[in-house]
Amino acid sequence: MAEATEPSDQHKMPLLDHLIELRQRLLYSALALIVAFLISFYFARPLFDFLVTPLAEILEQRAGVNGARRLIFTDLTEVFFTYVKVAFFFGAFVVCPIFLTQLWLFIAPGLYRNEKTAFAPFLIASPVLFLIGASLVYYVIFPLAWEFFLSFETAGGPGTLPIELEAKVNEYLSLVMKLIFAFGLCFQLPVIMTLLARVGLATSKGMAAKRKYAIVGVFVVAAVFTPPDPLSQLSLAIPIILLYEISILMAKLVEKKKAESEDDLDDDSPDNSLTES
């Protein structure tokens, strides 16, 4: 039982050494971000085209009615700084696993073996869930949302003027990044709730009892972060509700493992040994 309760690193580092190591870890992460940013900036144009693809495909379908379409910019520096944002966005996403690895290497020596076993899977699950959320918004929400907003275009007629989209480059990118981050963060729900269950701040029974309030909250979040059409809101709300149910199951597994650990400790306690003898 000593191995389960003692840190794997037996020597204690002075505070200054911890600060030096933290600086080195942050430096590695910063250098990785700079490298990823420079590479992403070199490919900024095709990366931005990738983000524009859902809108471009819809506009191509409508080109027979409205003619050729385009994105515009009204500031000389707008496109340049948009490409900078795109490069930072993709660079940060690529470097996220490296940052999490450096964070893990910093905190792991101070954790007990059972704590390492508990927290390590979440470092892998977090970026994977973010990627799933980002993929959902890109491949499902964007086509529905852009189709909904473009439905407000009018061709015009005698005595009226046509209403056509003239989207700005930076405004389009800001909207896309907002939705991707919103969906990616919402998909972190199982990780957050399971960690809360591990530290005793949440229980499976409590989450199950508050399920109806959680569902209402999910639809409120979906109404805020998605376009006002029902399909887009349901596309976000239903996956989050499923993730909430998964969080309850994960919390039950955590509580079961805690109970088994406590039973093992009770069986190995000195009082039980004296009683058996």
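Worth pointing out:
- Single unsatisfied condition, A68 versus (1) in a helix (DSSP H, G or I); (2) modelled with pLDDT under 90: (1)
- Check on V218, in a helix (DSSP H, G or I), under 19 Å from the mean Cα position of the chain (by Cα) and of a type in the set (A, V, I, L, M): yes
Rundown of residues vs (1) over 30 Å from A44 (Cβ atoms); (2) of a type in the set (K, R), yes/no style:
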position: I124; (1), (2): no, no
position: V128; (1), (2): no, no
position: L144; (1), (2): no, no
position: K168; (1), (2): no, yes
position: M177; (1), (2): no, no
position: T203; (1), (2): yes, no
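- Residues that are part of a helix (DSSP H, G or I) and exposed (fewer than 15 other Cβ atoms within 10 Å of the Cβ), drawn from segment 193-208: K205, G206, A208
- Selected residue (only one of D49, D9 is assigned to a helix (DSSP H, G or I), modelled with pLDDT under 95 and either closer than 26 Å to A167 by Cα or of a type outside the set (S, T, N, Q) (or both)): D49
- Within segment 132-175, the residues that satisfy the criterion of being out of contact with any helix residue (DSSP H, G or I) (no Cβ under 8 Å at 6 or more places or on another chain) and among the aliphatic types (A, V, I, L, M) are I132, L161, I163, L175.
- Residues of segment 151-173 classified as within 28 Å of the chain's Cα centre (by Cα) and touching a residue at least 12 places away in the same chain (Cβ under 8 Å), total: 6
- Condition broken by L231, with the remaining ones in (1) surrounded by fewer than 14 Cβ atoms within 10 Å (Cβ to Cβ); (2) touching a residue at least 40 places away in the same chain (Cβ under 8 Å) satisfied: (1)
- Qualifying residue in segment 253-261 (condition: of a type in the set (V, I, T) and at pLDDT below 85): yes
The values are calculated or read from the model by the stated rules, or taken from the named source; none is laboratory data. Fair warning: this is a prediction, and the values are worked out from it, not measured in the lab. Every residue, glycine as well, gets a Cβ built from its backbone with ideal geometry; the counts of neighbours run over all protein chains shown.
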